[in-house]
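J.: Got a structure for you, written out below as structure tokens; questions coming shortly.
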Amino acid sequence: MSHAVQPRPPFPPFTEETARQKVRMAENAWNGRDPDKVALAYTPDSRWRNRSEFPVGREQIAAFLKRKWARELEYRLIKELWAFTENRIAVRFAYEWHDEKGQWYRSYGNENWEFSAEGLMQVRHASINDLPIAATERLFHWEHGPRPEDHPGLSELGL
């Protein structure tokens, strides 16, 4: 994996518009489920807290995401801006997935992000809770990849 730093606009300091853009870009990337591509949005020494795991650096982040998407099947994610300041963004999110036995889940959480001047995420703290749901309770119905522009967000779905 490359350690090259390719700037990722929009850059801090964020406005509401650029913070929303950054959130949607992250959502789209994660919905693409390409761990190596997603990892390039983070600094080479990025530090994470994700549940009980603490990956550091792009290689560990990519390895984490490979494991995640190998067990969280048919993953679909929606993120929503919660708050922002100069180089920090807070989001809330929900994603739906099923395990190898076919049990569906909706996972809810919050993330706090801190960005470098190059627009790369250097710190990510995530808190996540999983709720088992029936397949009939699913709300995220789109083909693999980014959420369509006309698909409702979290607030519109009452989440």
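Each reported figure results from applying straightforward, stated rules to the coordinates on display, with no laboratory input. The model shown is predicted, which means the values in this text are computed figures rather than measured ones. Positions of Cβ are backbone-derived with ideal geometry, glycine not excepted, and every protein chain shown enters the neighbour counts.
J.: Arg76 - would you say it is exposed (fewer than 14 other Cβ atoms within 10 Å of the Cβ), touching a residue at least 12 places away in the same chain (Cβ under 8 Å) and under 24 Å from Leu131 (Cβ atoms)?
T.: Answer is no for this residue.
J.: Sticking with this one: Scan segment 25-59 for residues that are of a type in the set (S, T, N, Q), buried (at least 18 other Cβ atoms within 10 Å of the Cβ) and assigned to a helix (DSSP H, G or I) and jot them down. Spell out the reasoning first.
T.: Residues of segment 25-59 of a type in the set (S, T, N, Q): 28, 31, 43, 46, 50, 52.
With the extra rule that they be buried (at least 18 other Cβ atoms within 10 Å of the Cβ), the set shrinks to 31, 43, 46, 50.
Answer for segment 25-59, where residues must be of a type in the set (S, T, N, Q), buried (at least 18 other Cβ atoms within 10 Å of the Cβ) and assigned to a helix (DSSP H, G or I): just Asn31.
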